[in-house]
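Peer 1: Structure below; questions to follow.
Nothing in this text is a laboratory measurement; each read-out follows from the coordinates by a stated rule. All values derive from a computational prediction rather than experimental measurement. Here the Cβ positions follow ideal geometry from the backbone for every residue, glycine too, while neighbour counts run over all protein chains shown.
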């Protein structure tokens, strides 16, 4: 699967679009909290902040420390080696 990343600097100069969206009550509450926390004018700006935070989080090239710890535990685990899928199926059935 090809992954492509969005860089915030790529968004400069992009014109705004209007969208009518349906959101549940919880999402509405979260957007209101984001709007209040950052002193935003409307929920559109709140959505923009949430998306920017998502982009920052997903574009993070380094692995998070929590994941590295989990990975270490996995690597230390006990494993059974199988030479084929059929051998695995026989062992697990």
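Peer 1: Within a 10 angstrom radius of the beta carbon, how do 79, 38 rank from fewest other beta carbons to most?
Peer 2: 79, 38
Peer 1: Give me the extension gain from residue 57 to residue 45: residue separation times 0.36 nm, minus the current Cα-Cα distance, reported in nm with one decimal.
Peer 2: Using 0.36 nm per residue and subtracting the Cα-Cα distance, I get 2.5 nm.
Peer 1: Across segment 8-92, what fraction of all alpha-carbon pairs, as a whole percent, falls in each successive 5 Å bin from zero upward?
Peer 2: That works out to 3, 10, 12, 13, 12, 9, 9, 7, 7, 8, 8, 3, 0, in percent per bin.
Peer 1: Test of understanding: what is the full-extension gain from residue 20 to residue 88, defined as 0.36 nm times their sequence separation minus their Cα-Cα distance?
Peer 2: On the way: separation 68, 0.36 × 68 = 24.48 nm, distance 5.07 nm.
Going from the current span to full extension adds 19.4 nm.
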